[in-house]
Amino acid sequence: MSDAFAPDILSGQVAFVAGGTSGINLGIAKALAAFGADVAVLSRSQDKVEAAVAEIEATGVRSVGMAADVRDFDAVADAVGKVANTLGQLDIVVSGAAGNFVAPAAELSSNGFKAVVDIDLLGTFNVLRSSYEHLHKPGASIINISAPQGSLPYPAQAHVCAAKSGVDMLTKTLALEWGPAGVRVNAIAPGPIEGTEGMARLAPTEEDRKRVEQAIPMGRYGRIDEIASLAVFLCSDAAQYLSGAIIPCDGGRSLAGPPQYVSA
Ligand code: NAP
Ligand code: COA
């Protein structure tokens, strides 16, 4: 984790991280906790929720977790209400639950397309919509987790491209609508990140990985802590005039055009 920030910059703040029980989102949740925020997490698996809460509590902050599917608005709204009652008004909301698999559009079922759009895009709306009434206003910071697929066409990723480009537009639209209330809404678009479920699905072999790395100007995968550092910055006082931005954190990958992942 970056040591570029004072260790207590998020002290007294409350964060809610949807999809915060593994990978990049868990890394963000733990980083927010490391800088002093109390952190709630939500995902479908009760086991993953309990493990994430234990990891976050180990940093010395308060944590709660809920098992729910972001596609279910009532379940998400119930969970967010419980977080606000337990930890207090939300200063930080991260929406990062997502699904991905490689499937050429001509072979993808309607339900497969819908599953990813519902998790990524409808899920983000559900998280943000149900959080809004519990946000600390003015001052709250919302971070959506997008992807390069939000702005670049990727072969065998029509479902993800459609979903994440929707997340990007939702980010900008809500920045416009909620800015007057003092709520900032931004998105991080990570590039390929080391040791994640996402890259295990997109580039499962060493050969795939080499091809992906060749298309990254910095020549390597990113690390979870590099995405988490950007999230901490976005919640900090240093970013108080930053809203409506979709920020790539990808070693320059998004400058290099559409990739050739497996099964293109
Ligand atoms: P991951 O470990 O699979 O994280 C996904 C999280 O979302 C898990 O906590 C998962 O937990 C939860 N989740 C999935 N479906 C859900 C649902 N329907 N309702 C509630 N929670 C749900 O994946 P990751 O690779 O770290 O990706 C995290 C985020 O970064 C995603 O938004 C992804 O699109 C984005 N991203 C990743 C990369 C990369 O290189 N990995 C690159 C660009 C963008 P449960 O299984 O318990 O539900
Ligand atoms: N290729 C093509 N279609 C696929 C698929 C694949 N690899 N995996 C799932 N699908 C289709 C299913 O066949 C189904 O469609 P159908 O009813 O027409 O057969 C549809 O997607 C829904 O599948 P289901 O398993 O019921 O969905 P789910 O809601 O339980 O799980 C997924 C959602 C499919 C996205 C699952 O991969 C998941 O839970 N992912 C979360 C973790 C993840 O993807 N992490 C990386 C984030 S970048």
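Since every read-out is calculated from the coordinates, none of them should be taken as a lab result. These figures come from a predicted structure and were not determined experimentally. All Cβ positions, even for glycine, are placed from backbone atoms using ideal geometry, and neighbour counts span all protein chains on display.
One table, with the values for the structure above:
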quantity: Residue among ALA84, ALA228, ALA106 with the largest mean-square fluctuation in a Gaussian network model of the chain, springs linking Cα atoms under 10 Å; calculated: ALA106
quantity: Rounded, prolate or oblate (a/c below 1.5 giving rounded, otherwise prolate when a/b exceeds b/c) for the chain by Cα gyration tensor; calculated: prolate
quantity: Cut-off 11 Å between beta-carbons: net charge of the residues surrounding ARG253, Lys and Arg +1, Asp and Glu -1; calculated: -1
quantity: Per-residue ³J(HN,Hα) for the range 40-51, Karplus 6.51 cos²θ - 1.76 cosθ + 1.60, θ = phi - 60°, Hz, x for Gly and Pro; calculated: 9, 10, 9, 7, 6, 8, 4, 4, 5, 4, 5, 5
quantity: For the chain, calculated [θ]222 nm from helices alone, where every DSSP H run of n ≥ 4 adds -39500 (n - 2.57); calculated: -12000 deg cm²/dmol
quantity: Size of charge dipole - the range 14-248 - debye, nearest 20, with Cβ of Lys, Arg +1 and Asp, Glu -1, no other charges; calculated: 340 debye
quantity: Restraint check, LYS137/LYS172; LYS172/LYS210; LYS48/LYS82; LYS114/LYS137, Cα-Cα greater than 26 Å; calculated: LYS172/LYS210; LYS114/LYS137
quantity: Cβ-based net charge around ALA163, under 11 Å, with every Lys or Arg adding one and every Asp or Glu removing one; calculated: -1
quantity: Size of electric dipole in the range 115-264: Cβ of Lys, Arg +1 and of Asp, Glu -1, about Cα centre, debye, nearest 20; calculated: 200 debye
quantity: For the range 109-114, 3J(HN,Hα) per residue [Karplus equation, 6.51 cos²θ - 1.76 cosθ + 1.60, θ = phi - 60°, Hz, x = Gly/Pro]; calculated: 6, 4, 5, x, 4, 5
quantity: Centroid-to-centroid separation of the range 200-227 and the range 37-83 [C-alpha atoms, Å]; calculated: 29 Å
quantity: GNM flexibility winner over the chain from LEU42, LEU234, LEU108 (Cα, springs under 10 Å); calculated: LEU108
quantity: Between 0 and 90°, nearest 10: helix 224-235 axis offset from the chain longest Cα axis; calculated: 50 degrees
quantity: Cβ-defined net charge surrounding LYS82, 15 Å radius [Lys, Arg +1; Asp, Glu -1]; calculated: -4
